[in-house]
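Here's the structure, in structure tokens; my notes come after.
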Amino acid sequence: MNIIETPLLDCKIIEPVVFKDARGKFCIAFDSIAFAKALPQQAAFITINESTSSYGVLRGLHAQKADAAQTKLIRCVQGRILDVAVDFRPDSPTYLKHFTIELSGDNHKQLLVPRGFLHGFSVLSETAIVNYQVDNAYQPEMEVGLRYDDPKLNIDWQLPEEDMILSEKDEKLGFLK
């Protein structure tokens, strides 16, 4: 496993070990022992979620606040997504800065999104299966979010506006003040 720093404090790219040969490939998607050695301060993941989405789906930007905050380890199992992390920690030197990365079933890269970050993704392929591990239980009443198109964030989701498919909940999210 290779860990790569991003421009955002505490947000990291994880490159798992992939073995390729004439038969195909084998990937160690997650090794809890190696992960704990490399990032000893990280709480153990307790839930693995998975979503399947079609081209144009945009999910986000979401986070859990206070004691419900979650670290997420995002992985695209099939297809391609643009994954987005926004530092939403007011005391952070990278507050309100964002980082984007293409995650795919082919590149096997993962993104570690720390507690206090907003997270979202857009689907760039016909379909995508996204798997994400979290280190804290989901509490709907503790969810916060921002509009994907907040002008202060200025995120390029790599999708034409007319192709974007949002949930009713995401369409109703507010903007930064």
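FYI, it's all coordinate maths here, none of it is from the lab. Every value quoted in this text rests on a predicted model; they were computed, and no experiment measured them. Glycine also receives a Cβ, built like all others from the backbone with ideal geometry; neighbour counts cover every protein chain displayed.
Residues whose amide H falls under 5 Å from that of residue 12, counting only those 5 or more places apart or on a different chain, are 112, with hydrogens built in the peptide plane.
Using alpha-carbon pairs under 8 Å, 6+ residues apart, how would you state the relative contact order of the chain in percent? Dividing the mean separation by the residue count of the chain yields 29 percent. Across the stretch 129-142, computed HN-Hα scalar couplings (Karplus, 6.51 cos²θ - 1.76 cosθ + 1.60, θ = phi - 60°) run 10, 10, 10, 9, 9, 10, 9, 8, 5, 6, 10, x, 6, 9 Hz from first to last residue, x flagging Gly and Pro. Please report how far the C-alpha centroid of the stretch 7-54 lies from that of the stretch 115-158, rounded to the nearest whole angstrom. So the separation of the two Cα centres works out to 18 Å. Annotation: amide H of residue 70 within the under-5 Å range of 64, 116, sequence separation 5 or more or interchain, hydrogens built in the peptide plane.
Along the axis of the charge dipole computed for the stretch 2-165 (Cβ charges of +1 for Lys and Arg, -1 for Asp and Glu, origin at the Cα centre), the listed residues 127, 49, 62 are led at the positive end by 49.
Diagonalising the gyration tensor over the Cα atoms of the stretch 1-78 and scaling each eigenvalue by 5 before taking the square root yields semi-axes of 24, 20, 13 Å, largest first.
Scanning the chain for chymotrypsin sites (Phe, Trp or Tyr not before Pro) that sit in a DSSP loop and have at most 13 other Cβ atoms within 10 Å, the longest stretch containing none of them is 1-137. Computed from backbone phi with θ = phi - 60° and the Karplus coefficients 6.51, -1.76 and 1.60, the 3J(HN,Hα) list for the stretch 4-16 is 10, 6, 10, x, 8, 4, 6, 8, 9, 8, 10, 10, x Hz; x is used for glycine and proline. The charge dipole of the stretch 2-165, taken about its Cα centre with unit charges on the Cβ atoms of Lys, Arg (+1), Asp and Glu (-1) only, comes to about 460 debye.
When each of 135, 106, 10 is scored by the number of other beta-carbon atoms lying within 10 Å, the sequence from fewest to most is 106, 135, 10. Residues in the stretch 93-106 carry Karplus couplings, in order, of x, 10, 3, 6, 8, 10, 9, 10, 8, 7, 10, 8, x, 8 Hz; the curve used is 6.51 cos²θ - 1.76 cosθ + 1.60 with θ = phi - 60°, and Gly or Pro positions show x. Computed extension gain for residue 175 through residue 29, at 0.36 nm per residue and net of the alpha carbon distance, reaches 49.0 nm.
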